[in-house]
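**Q** There's a structure below that I have some questions on.
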Amino acid sequence: MKERWTTVTADSGAKQDTRFDAWVAGGNIAFISPEAEAAYRRRATMLRDAVQMKKAPERVPVCPAVGALPLTWAGLSWKDAMHDYEKMIPVWEKFYDEIHFDTADGPITVPPGGVFDLLDYKLYRWAGKQLGENQEFQYVEDEYMKDDEYQDLIDDPTGYFLTRYFPRVFGKLGAFQGLPNFPIATEYLLLFSTLMPFANPELMGAFSVMEAGAKELARYFSVLMRISSGLQAKGFPGFSGGASKMPFDLVGDTLRGTRGIFMDLFRRPDAVLEACERMTPFAVKGALAGSNMSGNPMVIFPLHKGADSFMSDELFRKFYWPTMRKVIVALINEGVVPLLFAEGGYNKRLKDICDLPKGKVIWWMDGTDMAQAKATVGQTQCLMGNVPSTILCTGTPDDVKDYCKNLIRIAGKDGGFILSTGASLGGTKIENARALMDVAKEYTSIY
C-alpha cells in the first residue's frame, strides 16, 4: 500500500485548513441576507473548532441526523417523497425554518424510488412497490457475491461489479453479464471479442435502461441540490460533503452479507484480507470525490460490521481496523475529515482507535459509553453523539435536556464535542427535537 496511506504527512494540517477555510467562507453561496451569511460562518466556525480541537467553540454545536423526521412532521408519505421529489422542497425548508440546528441535512435518506423502479432494484423494498405507501424502505441482505468468487473480485473489482454484482442487484441489467473482460488487446483479430458483445440487443437495451435511470437520478439530485443550496443560503451549513464505506463493510455489507462474511473469516480469511486491501483505494477515492465536489471537508462513513457485538477484539484488529486506518490516513493526508459513524457500541475498540493524530477525524458514537470515549479517543479526536432514540421518541423535553446536559458535562468539557443523535431523529417527537437545540443554547457554562 502506498506510504501516503499508512503515514500522516507533514502537510496534512495545512491541507485541512485550506478545505475548512473555503468551507467556512462559503464563497459560492448566494446568501439571502447579511444575517444569514453571518449565521452560516458562525455555525461553520463552531464545527471547525470542535473538530480541530485547537480551542473550544463558543458553545457545543448541535448536528443531529434528521433522517425522515421532516416527512412525518409534514405528513408527506414515503411513496410521494420517493417519486415526486419536488414535494420535499417546502417540507425541508419549513422544518429548518422552525428548528435552527447548526447544520442542515438534505433528504438523502429518502432514496429515489423512480430510479429503483426503472432498474428493478433488488437491494431494497420500498413504499408503493413491495411496501405500503407510508413505510420506510428496507434493505434486503443476501450473498450477492458467492463465496467462491473472491478471486474474481480481487483480480478485477470494476469488472466484477459490472458483470456479476450489477446483474444480481439490478433486475434490468442482467445482460451486463455479457460485457467483455477489460483490459483487452484491440489489434484487428481481437476486435471481435472487444466489440461483438455490444451488438447484442439485450445488452444495448440494458444500456438504455441505465441511461433512463441516470436521467431519473439527475432529476432527483437536482432537487437535493436545490434543497441544500436553499438551506445554506439561509445560513445552515451542510454537515457531510459525501459518503463512503470502509473496505470490510464493502465486502461484508455490499457483497457477502452478514452471515457470509463472518463464515468467511474462518473459512477463507486470506481471501477476505486481500479483498479488503483491493477495496481500500475505492473507499478512499469515493470519499475524496464527494468532498471535492461539495466543498465540504467532512465525509461520513457508516461503520456497520466493526461494532463490539459483531466481532471480537482479535478479529477487529486483524480484519477491520488495518484497512480502515489506511482509508482514514489517506483522507487525512488530503485534508479531508472522516466522519466515522460507529453504529452500535465501540467500547472495546476505544484504545485501538486512538492511533490517529489530533484534530483530524470525528467519531460519531451511537451506543458507546461517552465517559470512556472522552477519557480515551476523545483526548485527541472530536466526539459526536449519542442521544438515544428511546429518549427522543418516548421521553419528554425535560428528559432530553437532562440527558443532554449530562452528556455535555461528560464529553463536552474543553471542546471537541458535537451534540447529536445516536441514530437519527426518525420517529422523534418534534418538541424533543427542539429541546436538543435549546439545551445547547442554555447550557454553555461547561466552557
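The values are calculated or read from the model by the stated rules, or taken from the named source; none is laboratory data. Small disclaimer: the values here were computed from a predicted structure and weren't measured. Note that each Cβ is placed from the backbone with ideal geometry, even for glycine, and that neighbours are counted across all protein chains shown. Accessible surface is based on the protein model in full, side chains and every heavy atom, while ligands, DNA and RNA are left aside. Shrake-Rupley method; radii C 1.70, N 1.55, O 1.52, S 1.80 Å.
**Q** Report the Stokes-Einstein translational diffusion coefficient (µm² s⁻¹, integer) for segment 49-189, Rh taken as the Kirkwood radius over Cα pairs, at 37 °C with viscosity 0.692 mPa s.
**A** Numbers: Rh = 18.8 Å.
The estimated diffusion coefficient comes to 174 µm²/s.
**Q** Per DSSP helix of 4 or more residues, -39500 (n - 2.57); summed, then divided by the residues of the chain. What does that give at 222 nm, rounded to the nearest 500?
**A** Working: 18 runs with 204 residues, N = 447.
Result for the chain, helices only: -14000 deg cm²/dmol.
**Q** What are the GluC sites (Glu not before Pro) within segment 142-223 that DSSP puts in a loop, where the Cβ has at most 11 other Cβ atoms within 10 Å?
**A** Numbers: sites: 143, 149, 187, 202, 211, 216; in loops: 143, 149, 187.
Of the GluC sites (Glu not before Pro), the ones in loops of segment 142-223 whose Cβ has at most 11 other Cβ atoms within 10 Å are 187.
**Q** Can you give the local net charge around residue 217? Use residues other than it whose beta-carbon is closer than 13 angstrom to its beta-carbon, Lys and Arg +1, Asp and Glu -1. Spell out each step's value before the answer.
**A** Working: positive: 215, 219; negative: 117, 211, 216.
Once all neighbours under 13 Å are counted, the net charge is -1.
**Q** Any idea of the accessible area per residue across segment 152-307, 1.4 Å probe, to the nearest Å²? Please list the in-between numbers first.
**A** Numbers: 7120 Å² over 156 residues.
That works out to 46 Å² per residue.
**Q** Probe radius 1.4 Å, ligands and nucleic acids ignored: give me the carbon and sulfur share of the accessible area of segment 193-320 as a rounded percent.
**A** With neighbouring chains kept in place, the figure for segment 193-320 is 62 percent.
**Q** Right, another one. With every protein chain present, what is the per residue accessible area of segment 30-117 (1.4 Å probe, Å²)? Mind showing how you got there, number by number?
**A** Details: 3310 Å² over 88 residues.
Dividing the accessible area of segment 30-117 by its residue count gives 38 Å².
**Q** Still on this structure: Which number gives the lysine pairs in segment 40-182 that have C-alpha atoms under 18 Å apart and are eight or more places apart or on different chains? It would help to have the intermediate numbers written out before the result.
**A** Numbers: 79/87; 79/122; 79/129; 122/146; 122/172; 129/172.
Going through segment 40-182 pair by pair, I get 6.
**Q** For segment 289-332, which trypsin sites (Lys or Arg not before Pro) are both in a DSSP coil and crowded by at most 16 other Cβ atoms within 10 Å? Could you put the intermediate results ahead of the total?
**A** Numbers: sites: 305, 317, 318, 325, 326; in loops: 305.
Answer in residue order: no site qualifies.
**Q** Sort 139, 346 by accessible area with a 1.4 Å probe, largest first. Don't jump to the answer; show the numbers that get you there.
**A** Values: 139 100, 346 0 Å².
Per-residue accessible area, sorted high to low, gives 139, 346.
**Q** What part of the accessible area of segment 1-115, given as a whole %, is carbon or sulfur when the probe is 1.4 angstrom?
**A** Details: 2600 of 4950 Å².
Heavy-atom surface of segment 1-115 belonging to carbon and sulfur, 1.4 Å probe: 52 percent.
**Q** With all protein chains present, how much of the accessible area of segment 344-394 (probe radius 1.4 Å) comes from carbon and sulfur, to the nearest whole percent? Walk me through the intermediate numbers first.
**A** Values: 930 of 1760 Å².
After summing per-atom areas, the C and S share lands at 53 percent.
**Q** May I pose another question? Percent relative contact order of segment 150-232, based on C-alpha pairs within less than 8 angstrom and at least six residues apart? If you can, show how the numbers build up before the last one.
**A** Numbers: 48 pairs, mean separation 17.1, N = 83.
Computed over segment 150-232, the figure is 21 percent.
**Q** Using a 1.4 Å probe and ignoring any ligands, DNA or RNA, find the accessible area of residue 41 and quote it in Å² to the nearest 10.
**A** In the full protein context, residue 41 sits at about 90 Å².
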